[in-house]
Each structure stands twice: as structure tokens, then as C-alpha cells.
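Laboratory data are not the source of any read-out in this text; all were calculated from the coordinates shown. These numbers come from a predicted model, not from an experiment. Neighbour counts run over all protein chains shown; Cβ positions are idealised from the backbone, glycine included.
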Amino acid sequence: MHHNPITIENLSYSYPDGTIALQQVNLSIRATERVALVGANGSGKSTLLQHLNGILMPQSGQLMVGEYPVESKFLKVVRNFVGLVFQNPDDQLFMPTVAEDVAFGLVNQGVAGDLLWQRVKQSLIGVGLDPDTFGPRNVQNLSGGEKKRVAIAGVLAMSPQVLVFDEPSAQLDPRSRRLLIELLQTLPQTQLIATHDLDLALELCDRTIVLSQGQVVADGSTTNILSDTAFLEQHSLESPLCYSRPYCSLIPHPAPLS
């Protein structure tokens, strides 16, 4: 695994209507880190994520994925290196059965036969789904939590070094959310998790990056950043629910940043 799988230097991006989405973003993500990316709607989170595997291309600055710049000629290797899991799994799942969906990327890489099925099985097992039970199932008949797991399995099948999640707990019921958190805790890959679920960030991530109006305004300890109520309010964020419960003993309450 590359020691510094994501490096971003002075990345800026504006949409065709002139809206500035990212301004001089500088970040470095180390191997095996699990990092939360938080910010209000319109802060630039999704725009940043879409740069990480070349859905959007840098207009200025540089983004390195492993040893490769995110440029047109390197998109194939970049997309194999970074697996992006969309907020809505229905945007990612389109084959008739679970097995076919997980196999889709591998088939396009030329994997076939017994090796293909073994990779599909390993990926489904990796997300806690029995391949014999779930492989033949129609994707559209799955629950929201099951769809999320299948989407992750499809990405894992490609053996990425970095997993990027856009709002992974969105639209999940409490049990499905809990199972998802437990799953993400077991995955060994470097993870960047964009989320409005700050309790999830507290539970999963030691490090948090805060985006506001396209700029990085904080990058550090998750507990320190998310316990600073005044700072969060300044950037249109609410404190984690756990911090509003005075008897919550699961997560420590550190001193605020200021």
C-alpha cells in the first residue's frame, strides 16, 4: 500500500456558471487512515470526492493518487486505486442480480471463469453477505442497507487501496446504520468519508477535515473539532447528538478548540 495515497496541492474548481466549489485545497491522506470530511451543504465535499477518481478534473492545482496525477492518461489506474461509493446505491447498482453487479467491473477488466466467481464471493463475504444467498437475488428487491453493502462489495472487488464514501449512512435505518459502521471498522483500506452524520464521524474517524465555502477551515482530531460548538455553528454545523446527552459515556468530551 502506498504510504501517502492521496496528496492534494492548491486544488481549485469552479462550475461553468461561475460558482466557486473549491479554493486552494491542500490535503494529504496517509495509508490506512480513516478520515471524516464534513461541511454544510454546498461546502464542496461532493466536488472534492469527484476529483479523487477523475469524475471531475482539476482546473488548477494538482491531485496525486498514489504515484499518479489525476490526468486523462492515468484515469484507468486512478480509478482502480480509488473506489468511490455513491450516496445513493441505486446510482451504482444497475445489473439484474447481485453477483452480476459485483462482477461488472471485473468483467470489464477481463476477469472470467472461476477466478471471477471467487473474487465476487470474496467481496460479498467481505461485506457480510452470503454469496450463495445474495448472489442470485434481484438487486431491486434488496433493502437500503443491503444495497449499500452490495455497492461496497462491487468497489472492493476491484481491490482499491482507497475507499471514498459519500454520505454512507444516508437513508439507512438505525440497525442498518449500526451494521454499516461495524463493516467500515473492519475494512483495511484507507477511507475518506464525507458525511453529515457527525456521530458516525466520531465513532469511525480519528481525524476530521472541515470544508466551508470550498476551503479547508479545520483539519485535526475528530474529538477536538466536533466538541467545539462555537466553531461548528460558525460553519453551519450542529454538534454530534452524543454530545447533547450529558450521560453519554461511549465517547469522551474533550475541551473545545478555543
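Under the rule that an exposed site lies in a DSSP loop and has at most 11 other Cβ atoms within 10 Å, name the longest stretch of the chain with no chymotrypsin sites (Phe, Trp or Tyr not before Pro) of that kind, not counting the sites themselves.
95-246
Go through 241, 46, 82 and say which Cα lies farthest out towards the positive end of the charge dipole of the chain; charges sit on Cβ, +1 for Lys and Arg, -1 for Asp and Glu.
Looking along the dipole axis, the top candidate is 82.
When the helix-only estimate is applied to the chain (DSSP H runs of n ≥ 4, each -39,500 (n - 2.57), divided by the residue count), what is the mean residue ellipticity at 222 nm, nearest 500 deg cm²/dmol?
-9500 deg cm²/dmol, from helical runs alone.
Using the alpha carbons of segment 1-104, what is the convex hull volume per residue in cubic angstrom, as a whole number?
136 Å³
Which residue, 223, 19, 186, tops the fluctuation ranking in a GNM of the chain built on C-alpha contacts under 10 Å?
Judging by the Gaussian network model, the answer is 19.
Listing 57, 158 from the residue with the fewest other Cβ atoms within 10 Å to the one with the most, what is the order?
Exposure proxy ranking, most exposed first: 57, 158.
Let me see the P(r) profile for segment 31-169: every Cα-Cα distance counted, bins of 10 Å, each bin given as a percent of all pairs.
In order of increasing distance, the bins hold 12, 39, 34, 14, 1 percent.
Under 8 Å for C-alpha pairs, at least 6 residues apart: give me the relative contact order for segment 6-244, rounded to a whole percent.
Answer for segment 6-244 is 26 percent.
For segment 17-24, just list the computed ³J(HN,Hα) in residue order, Karplus coefficients 6.51, -1.76 and 1.60, θ = phi - 60°, integers in Hz, with x standing in for Gly and Pro.
In residue order, the calculated couplings are 7, x, 5, 7, 9, 9, 10, 6 Hz.
Please give the contour-minus-distance gain from residue 26 to residue 238: 0.36 nm per residue of separation, less the Cα-Cα distance, rounded to one decimal in nm.
73.9 nm
Can you spot the aspartates and glutamates whose alpha carbon is less than 14 Å from residue 121's alpha carbon? Ignore those fewer than 8 places along the same chain.
100, 101, 130, 132
Working from Cα positions, state the angle (0 to 90°, nearest 10) between the long axis of helix 113-126 and the longest principal axis of the chain.
The angle comes out at about 40 degrees.
Taking the chain as a Gaussian network, Cα atoms linked when under 10 Å apart, which of 188, 174, 131 shows the biggest mean-square fluctuation?
Comparing 188, 174, 131 in a Gaussian network model of the chain, the most mobile one is 174.
Top mean-square fluctuation among 139, 217, 78, Gaussian network model of the chain, C-alpha springs under 10 Å?
Its mean-square fluctuation being the largest, the pick is 217.
Mind sorting 152, 20 by how few other Cβ atoms lie within 10 Å of their own Cβ, fewest first?
20, 152
Quick check for me: using +1 on Lys/Arg Cβ and -1 on Asp/Glu Cβ, what's the dipole size of the chain about its Cα centre, in debye to the nearest 20?
Result for the chain is approximately 360 debye, rounded to the nearest 20.
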